[in-house]
1. Sort the following peptides by mean Cβ neighbour count (other Cβ atoms within 10 Å, averaged over residues), highest first: 387-394, 464-471, 108-115.
2. If we count other beta carbons within 10 Å of each Cβ, what is the order of Lys289, Lys43, fewest first?
3. Which of the lysines could be linked to Lys593 by a straight reach, that is with a Cα gap under 22 Å, when you skip same-chain ones fewer than 8 residues away?
4. Rounded to whole Hz and in sequence order, give me ³J(HN,Hα) for the range 303-310 from the Karplus expression 6.51 cos²θ - 1.76 cosθ + 1.60, θ = phi - 60°, writing x for Gly and Pro.
5. Using a Förster distance of 51 Å, how high is the FRET efficiency between Thr280 and Ser548, based on the Cβ-Cβ distance and rounded to 0.05?
6. Take the Cβ-Cβ distance between Tyr532 and His308 as r, set R0 to 51 Å, and report the resulting FRET efficiency rounded to the nearest 0.05.
7. Once you have a ≥ b ≥ c as the square roots of the Cα gyration tensor eigenvalues for the range 462-525, tell me rounded if a/c is under 1.5, and otherwise prolate or oblate according to whether a/b is larger than b/c.
8. Using the number of other C-beta atoms within 10 angstrom as an exposure proxy, rank Tyr201, Tyr124 with the fewest first.
Amino acid sequence: MVSILTRRAGLAVLAALAFVSVPVRGVGSADAGVDPLAGLPVKRACPDTSKPGMVTCLALVRTDVRPQHGIQPQHAPTGLGARELRDAYRLPTATAGKGQTVAIINVFDDPKAESDLAVYRAQYGLPPCTTANGCFRKVNADGSTRLPHADTSWAEEMSLDLDMVSAACPNCRILLVEADEPSIPGLGQGVDTAVRLGAKYISNSYGGAESASAAASDFQHFDHPGVAITAASGDSGYGVLFPATAPHVTAVGGTTLSRASNARGWDETAWSGSGSGCSTQAPKPPWQKDTGCSRRTVADVAAVADPHTGVAVYDTFGFGGWQVVGGTSAAAPIIAGAYALAASLPGTGYAAAVPYAHPDELHDIVQGSTGTCTPAYLCTAGPGYDGPTGLGTPDGVDAFRAGRAEASRVREAGVSWLALAAARPGPGAPAPRAVADHAVTGGAPARTAAAALRPLVNGGFETGSLAGWTSAGVVTGVTKDHPHSGRYAALLGYPDDPKKGDSVIRQNFTAVRGNRRLSFWYNVSCPDKVRYDWVTVSLRDDTTGVTSTVLPRTCTYYNTWEKAEAPVVGGHAYTLTLLSHDDGYFGDPTSAKFDDVTLS
């Protein structure tokens with residue numbers, strides 16, 4: 001069997017073609033029956049290992065997908081892209097994550113890491129992340145600029161990690177830490193270095209067998225209060241790996257994720273390859289309350305990992321470009337990005353405990369299995385906590401925000417009684433009066449209860465008009481042409497006749513108790529190749545005076561509906577502004593459709 005385990009770039013292409021797709025059982029896995037990858041068109045990116053203290057990466061590459069090179073302007077690459085991951089997990093990627101650094105701990109060097117990352121981010125319209133603009137940095141695990149030798153196998157893992165952090169948190173800075181060898185001491189040093197260099201979010205997409213002799217020293221590298229450290233749980237089904245079993249990391253399991261016609265728009269089940277089970281070495285952290293394992297239970301949370309519903313990844317160091325990749329190596333950096341988007345860590349406590357305080361803020365995965373075991377929850381998904389998916393998958397980022405529950409209770413207490421009383425006044429009840437909502441605004445000017453109760457109306461434009469919206473600018477209206485749902489959508493601008501100026505509609509509304517997000521669908525028609533035209537959406541929190549950009553200036557010509565969303569706070573008043581800008585140039589009329597503006 002020919003392998004791509006060469007470390008010489010000159011043989012990379014030949015090696016990639018020769019790598020067979022027969023999977024190898026992962027290290028540290030319990031014997032739970034058939035290998036979850038048996039017979040599938042998948043290869044492991046890195047060599048397997050059974051040596052104590054050594055690890056392998058947990059990336060799985062589809063062999064039935066023909067690689068494509070460079071940006072694909074006409075057709076999106078095969079596999080889940082950045083927009084789809086954002087939609088599936090409701091990630092607030094428009095503005096969140098600014099100023100945060102996510103570190104990726106890996107082995108050997110990928111000399112094309114930065115250039116390949118640039119292609120991925122350009123493909124999905126993400127902001128550039130380069131050494132020149134200060135977003136991207138690469139160091140050795142010892143903190144020096146001396147880089148290890150290049151290796152095509154681990155470079156595939158690096159491309160996956162970089163792309164998934166970018167998809168989850170486009171505004172985050174990225175620190176790539178490269179160890180000299182795939183050993184726990186070397187990679188653990190990389191974690192320590194990342195913390196020393198200021199990273200608060202650290203992703204580890206590798207694993208090896210637990211070792212009784214090394215447990216105490218190994219745990220120290222992954223014990224950093226106030227830092228969110230994620231680790232992939234494994235790709236061989238029931239059984240556990242280190243460092244996912246380290247007591248103070250967030251162990252990330254895997255799911256199968258696919259489009260669906262349900263309210264969420266996605267189906268998600270436990271992936272059969274997700275590492276799960278009970279540690280033989282690690283003590284149980286105090287936030288884990290399951291009773292079927294007296295030691296550390298894996299996993300804590302989960303994200304997509306099944307290579308059959310895998311993610312699009314770009315890698316040209318030994319490969320042809322776009323590929324479809326899975327494995328819990330994809331899930332760990334997504335969760336690290338979710339922590340960074342939340343940007344709220346427990347200070348002297350452990351970030352791994354935070355999701356356990358907010359399980360209702362996650363998608364509870366209730367179907368799927370990683371094998372046969374006793375007790376069954378260690379390998380079979382079900383309501384509440386289970387081994388394969390932990391507490392569940394992201395539903396926004398509130399589950400990763402320390403202290404959110406307490407703050408939410410204070411906010412809701414300040415408005416819920418007011419909304420309820422004003423919505424259903426009794427006979428002879430006085431008109432709503434102005435009240436100061438100090439719990440929400442911290443002393444902002446008083447606002448009226450009537451304003452607090454103003455709902456969002458006509459978000460689907462099914463009145464056939466812009467009733468409930470105010471309009472300004474060149475032209476606004478509604479259209480029956482290919483709405484996202486129903487019979488109508490809002491239309492801003494002329495599709496066939498450029499008119500210079502802004503077409504704007506806006507609405508004032510109040511998020512009520514229980515509302516956590518605003519979402520809408522947009523379809524942009526912007527053939528301008530030099531970007532003098534654009535479409536943008538902003539959301540002003542009128543309670544705090546803060547304006548956020550939900551949809552940055554966008555100019556695309558795909559004629560497809562895309563979803564955008566932003567977090568909201570129950571009790572706050574908002575102004576939503578939808579805008580299409582046309583410079584009036586005769587050759588490229590710009591317009592946009594909007595539909596299904598909702599609060600949830």
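Any read-out appearing in this document is the output of simple, stated calculations on the displayed coordinates, not a laboratory observation. Bear in mind the structure is a predicted one, so any value in this text is a computation, not a measurement. Virtual Cβ from ideal backbone geometry, glycine too; neighbours counted across all protein chains shown.
1. On the way: 387-394: 29.4, 464-471: 15.0, 108-115: 20.4.
Going by the mean number of other Cβ atoms within 10 Å, highest first, we get 387-394, 108-115, 464-471.
2. Sorted ascending by nearby Cβ count, the order is Lys289, Lys43.
3. In chain and number order, the partners are Lys480, Lys499, Lys500, Lys529, Lys563.
4. 7, 4, 8, 4, x, 5, 10, x
5. Numbers: r = 47 Å, r/R0 = 0.92.
According to the calculation, E is roughly 0.60.
6. Values: r = 43 Å, r/R0 = 0.83.
Given R0 = 51 Å and the Cβ-Cβ separation, E is 0.75.
7. Here the range 462-525 falls in the prolate category.
8. On the way: Tyr201 32, Tyr124 20.
The fewest-first ordering by Cβ neighbours comes to Tyr124, Tyr201.
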